[in-house]
Amino acid sequence: MALRINPSILASDFANLESELGRIRNADLAHVDVMDNHFVPNLTLGLPVVERLQQVSPIPLDVHLMIDAPERWAPQYAELGAYSVTFHAEAVGRDSDPVAVARSLRERGARAGLALKPGTDAEPFLELLPEFDMVLVMTVEPGFGGQSFMPETMPKLRTLSQAVRDSGLDVWLQVDGGINDDTIGIAAEAGATVFVAGSSVFGAENAGAQVDHLRELAAGHRHGHR
Ligand code: DX5
Ligand code: ZN
């Protein structure tokens with residue numbers, strides 16, 4: 001399975017988003033963190049900004065919704081053309097469910113992703129894997145960039161990796177938070193196939209070279225190859 005590097009523009013210069021996207025044109029997807037100051041204690045950007053990013057980005061968008069009521073908002077990100085839309089299992093309202101949200105995304109042509117906070121178990125969601133194109137195992141508490149990788153989330157990643165292999169489905173496994181030169185191998189070894197990196201990429205002098213470097217490190221540690 002291909003390994004993907006998705007830089008998070010949360011760590012980029014928000015006054016120059018178009019040129020910042022140009023720095024990572026060799027990456028696989030651009031990770032866009034949408035926060036609403038309700039689901040997480042931070043606020044970033046929303047639909048109108050993502051709509052413009054979609055128009056100017058040289059690579060597809062990987063939208064990560066850290067917001068309440070994804071059943072209301074997620075389909076709109078699919079409609080504007082985002083390649084992948086990921087919402088949090090913990091955020092789905094009482095009148096909806098993760099499967100309904102996932103189907104609304106796929107119907108609109110986007111890949112559907114399910115995100116799990118560090119404290120959320122994977123087991124209740126394993127039977128839903130056929131409804132999803134990606135599961136995001138958060139490796140920090142969502143809300144802020146620049147936090148330290150939480151190795152205690154790796155058993156959950158291994159559980160998911162085994163379940164995906166048993167199912168024969170092509171479900172991507174994404175990690176997000178604290179991914180850098182020192183941690184990407186740990187996540188790759190545990191079965192991650194998509195790596196979000198914010199500060200590690202945009203903090204580098206040459207962001208594109210750092211994307212390639214991370215990809216090589218991940219490939220050197222990929223699951224089952226050691
Ligand atoms: C955190 C966001 C991440 C963040 C990662 O809630 O979901 O995507 O940008 O940033 P780093 O790589 O700096 O931990
Ligand atoms: Zn994110």
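The values are calculated or read from the model by the stated rules, or taken from the named source; none is laboratory data. Computed from a predicted model, the values in this text were never measured in an experiment. Counting neighbours? That spans all protein chains shown, and the Cβs are built from the backbone with ideal geometry, glycine included. Remember, those area values only see protein heavy atoms, side chains included, never the ligands or the DNA or RNA. Shrake-Rupley method; radii C 1.70, N 1.55, O 1.52, S 1.80 Å.
Name the residues in the stretch 54-92 that are in contact with a Ser or Thr (Cβ under 9 Å, 6 or more places away or on another chain) and of a type in the set (Asp, Glu), would you? It would help to see each step written out before you state the result.
Here is the first cut: in the stretch 54-92, the ones in contact with a Ser or Thr (Cβ under 9 Å, 6 or more places away or on another chain) are 60-66, 69-72, 74-75, 78, 88-90.
Passing the criteria: ASP62, GLU71, GLU90.
A count restricted to the stretch 166-213 and to residues that are more than 9 Å from ligand 1 (Cβ to nearest atom) and within 21 Å of ASN16 (Cβ to Cβ) stands at 8.
Scan VAL135, VAL196, VAL201, VAL164 and give me the residue that is within 16 Å of ligand 2 (Cβ to nearest atom) and without any contact (Cβ under 8 Å) to a residue 60 or more places away in the chain.
Details: VAL196 fails: without any contact (Cβ under 8 Å) to a residue 60 or more places away in the chain; VAL201 fails: without any contact (Cβ under 8 Å) to a residue 60 or more places away in the chain; VAL164 fails: within 16 Å of ligand 2 (Cβ to nearest atom).
Going through VAL135, VAL196, VAL201, VAL164 in turn, the sole match is VAL135.
Evaluate the following for ARG4: is it basic (Lys, Arg), at pLDDT 95 or above and more than 18 Å from the chain's Cα centre (by Cα)? Give the steps one after another, and end with the answer.
On the way: basic (Lys, Arg): yes; at pLDDT 95 or above: yes; more than 18 Å from the chain's Cα centre (by Cα): no.
So ARG4 fails the test.
All of ASP170, ASP176, ASP212 fail the test of being surrounded by 21 or more Cβ atoms within 10 Å (Cβ to Cβ), under 18 Å from ARG4 (Cβ atoms) and of a type outside the set (Phe, Trp, Tyr), apart from ASP176. Apart from one condition, PRO7 fits all of (1) in a helix (DSSP H, G or I); (2) in contact with a helix residue (DSSP H, G or I) (Cβ under 9 Å, 6 or more places away or on another chain); the exception is (1). Return yes or no: is ILE59 within 19 Å of VAL194 (Cβ to Cβ), open to solvent by less than 20 Å² (accessible area, probe 1.4 Å), touching a residue at least 24 places away in the same chain (Cβ under 8 Å) and of a type in the set (A, V, I, L, M)? Criteria met by ILE59. Only one entry of ALA207, ALA192 meets the criterion of being closer than 14 Å to LEU3 by Cβ and crowded, with 17+ Cβ neighbours inside 10 Å, and that entry is ALA192.
Within the stretch 62-82, being assigned to a helix (DSSP H, G or I), open to solvent by less than 20 Å² (accessible area, probe 1.4 Å) and either among the charged types (D, E, K, R) or within 15 Å of ligand 2 (Cβ to nearest atom) (or both) holds for PRO70, ALA74, TYR77.
Within the stretch 90-108, being in contact with a helix residue (DSSP H, G or I) (Cβ under 7 Å, 6 or more places away or on another chain) and either surrounded by 18 or more Cβ atoms within 10 Å (Cβ to Cβ) or not in a helix (DSSP H, G or I) (or both) holds for ALA91, VAL92, GLY93, SER96, PRO98, VAL101, ALA102, SER104, LEU105, ARG108. In the stretch 15-54, how many are farther than 23 Å from PHE87 by Cβ and open to solvent by 40 Å² or more (accessible area, probe 1.4 Å)? The number of residues fulfilling the criteria is 7. Restricting attention to the stretch 109-132, the residues that are away from ligand 1 (no atom under 16 Å from the Cβ), open to solvent by less than 30 Å² (accessible area, probe 1.4 Å) and part of a loop (DSSP other than H, G, I, E, B) total 3.
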